[in-house]
Amino acid sequence: MTRDLGKRLLGAALALGLTLYPAGATDWGLSYRDGANRPPYGEDTADKLRQYGAYYMGDADRKTIYLTFDCGYENGNTGRILDTLKRRHVPATFFVVGHYLDAEPTLARRMGDEGHLVGNHSVNHPNMTKVSQERMVKELRDLETQYQAVTGRRLDPFFRPPEGSYNYNSLSWAQSLGYHTILWSVAYHDWDENNQPAYGDAMQTLSTRVHNGAIVLLHVISKTDADVLDELIGKWKAEGYEFAALSALPGLPNPTVTAVPGSASFTVDDTPAAFRAYLIGGNNYVKLRDAAQALSGTDKQFSVDYDKAAETVTLTSGTAYTPIGGELAGPADVAAMQAKTSSQILTLDGAALTLTAYEIEGANYVKLRDLAGALDCAVTYDKETGAVGLDTALPYTA
């Protein structure tokens, strides 16, 4: 499919938003009648949507923003958007269609590689209230196959209905496929490349419409969105908002927390250690196997054995660690990662470890101070330089 044909098809799809839908169909719309920075009213309530695992906003009591981008075709802006998100350490979710994957495989891979979620916007962008269940299932399953072929990753379990059109059947069908249907609570007229909002107007509109728990819809086609994104993120952060991925939405099983690449430098007994580390809740979490590798040959060395069937990670002190590859690769070049509370049981010398552990990209990350306490190893922190040191000759002090 050529870019021009992709534009015409998506333009036609947007135009369909002005037509009448069959009985029971909803063209998602919002009313901001309560004023600035208040949650809007949608065509359905949050409680009604939740019956189908669907969302248009998160928790109205938490200053959290969920950034999302719809990706119909590339217009020279996605790279700039990704650059800004990485610089600001902000996670987002990108909803892609088949044409985008065909035309922009490098950008599609970059989204997942840099820690963002990638959701399903269907292969051909049809109005899902006008198709059969068989057609809808094919649209979503075929995009899953296409995305995995292009990126080697699996799509994340979030579906944005084309045109924002749905009925309760389509919500139920998406849910049966394991998807959460994602609508939005903040949006504006940004999808027409030939009628882009002015910078100041975009800042004003988005600033007044944002609210606690907002799911923000932007479009990668929009030059204005790429232009304002850095200032907008800075403004929202200054107002006390935090950013999270859709996988952190309230009510999801085992919701994630956002892990931001840390800027600290690490040493073990004054020797530099290139830990893969993240900040979660202001605390340093390091890759468990990095710590095992860095402590090898010291009095605090330990081995790591993983029993997949039992979901158990066994640490044995005083035993040399056997590397599996990929240890001590240094800071991750990502915007942010989604960390899940680890379901694995960690033991040290046969005793269960009472430490906080998260799983990121299939690896265990542990709170550095918890691990140092378990190993009785001193931790030092230089506030001026941000340097963190482990001293195996000294005992741990809380």
Looking only at segment 193-220, filter to residues that are part of a loop (DSSP other than H, G, I, E, B) and hydrophobic (A, V, I, L, M, F, W, C); which one of those is farthest from Tyr56 (Cα to Cα)? Ala198
Out of (1) in contact with a strand residue (DSSP E or B) (Cβ under 8 Å, 6 or more places away or on another chain); (2) open to solvent by less than 40 Å² (accessible area, probe 1.4 Å), the one Val228 does not meet is (1)
Out of the residues in segment 130-168 that are touching a Gly at 6+ places or on another chain (Cβ under 8 Å) and part of a loop (DSSP other than H, G, I, E, B), state the one that is farthest from Arg50 (Cα to Cα). Arg153
Among the strands (runs of 3 or more DSSP E) confined wholly to segment 246-365, which include 1 or more residues that are within 27 Å of Ala387 (Cβ to Cβ), at pLDDT below 95 and of a type in the set (Val, Ile, Thr)? none
Val228 modelled with pLDDT of 95 or more, of a type in the set (A, V, I, L, M) and in contact with a helix residue (DSSP H, G or I) (Cβ under 9 Å, 6 or more places away or on another chain): yes
So Asn283 clears everything in (1) within 17 Å of the chain's Cα centre (by Cα); (2) over 22 Å from Pro323 (Cα atoms) except one condition, right? Which one? (1)
For Arg160, indicate whether it is under 17 Å from the mean Cα position of the chain (by Cα) and open to solvent by less than 30 Å² (accessible area, probe 1.4 Å). yes
Name every residue in segment 165-205 that is under 20 Å from Ile65 (Cβ atoms), of a type outside the set (Ser, Thr, Tyr) and under 21 Å from the mean Cα position of the chain (by Cα), in order of residue number. His180, Ile182, Leu183, Trp184, Val186, Ala187
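Which residue, of Gln293, Gln301, is without any contact (Cβ under 8 Å) to a residue 40 or more places away in the chain, out of contact with any helix residue (DSSP H, G or I) (no Cβ under 8 Å at 6 or more places or on another chain) and among the polar types (S, T, N, Q)?
Within the list Gln293, Gln301, the selection yields Gln293.
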Considering every residue within segment 252-264, establish whether at least one is in contact with a helix residue (DSSP H, G or I) (Cβ under 6 Å, 6 or more places away or on another chain), open to solvent by 50 Å² or more (accessible area, probe 1.4 Å) and under 30 Å from Thr181 (Cβ atoms). yes
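This table checks each residue for (1) in a loop (DSSP other than H, G, I, E, B); (2) of a type in the set (Gly, Ala, Ser); (3) within 15 Å of the chain's Cα centre (by Cα).
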site	(1), (2), (3)
Arg62	yes, no, no
Leu67	no, no, yes
Asp70	no, no, yes
Tyr73	yes, no, no
Gly76	yes, yes, no
Arg80	no, no, no
Leu85	no, no, yes
Thr93	no, no, yes
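Each row is one residue, and each column tells you yes or no for (1) on the phi < 0 side of the Ramachandran plot; (2) among the hydroxyl-bearing types (Ser, Thr, Tyr); (3) more than 33 Å from the chain's Cα centre (by Cα); (4) open to solvent by less than 30 Å² (accessible area, probe 1.4 Å).
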site	(1), (2), (3), (4)
Ala351	yes, no, yes, no
Asn364	yes, no, no, yes
Leu368	yes, no, no, yes
Ala372	yes, no, no, yes
Asp376	no, no, yes, no
Asp382	yes, no, no, no
Val388	yes, no, no, yes
Asp391	yes, no, yes, no
In this structure, is Arg209 open to solvent by 50 Å² or more (accessible area, probe 1.4 Å), modelled with pLDDT of 95 or more, among the basic types (Lys, Arg) and within 18 Å of the chain's Cα centre (by Cα)? no
Run Ala174 past the list (1) of a type outside the set (Val, Ile, Thr); (2) surrounded by fewer than 16 Cβ atoms within 10 Å (Cβ to Cβ); (3) part of a helix (DSSP H, G or I) and report the number of the one that doesn't hold. (2)
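Yes or no, residue by residue, for (1) free of Cβ contacts under 8 Å to residues at least 60 places away in the same chain; (2) open to solvent by 10 Å² or more (accessible area, probe 1.4 Å):
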position	(1), (2)
Leu85	no, no
Thr93	no, no
Val96	yes, no
Ala103	no, yes
Leu107	yes, yes
Gly112	yes, no
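The values are calculated or read from the model by the stated rules, or taken from the named source; none is laboratory data. Predicted model, so just to flag it, every value in this text is computed and none were measured. Don't worry about glycine lacking a Cβ; one is built from the backbone with ideal geometry, like all the others, and counts go over all protein chains shown. Surface areas here come from the heavy atoms of the whole protein model, side chains and all, with no ligands, DNA or RNA. Shrake-Rupley method; radii C 1.70, N 1.55, O 1.52, S 1.80 Å.
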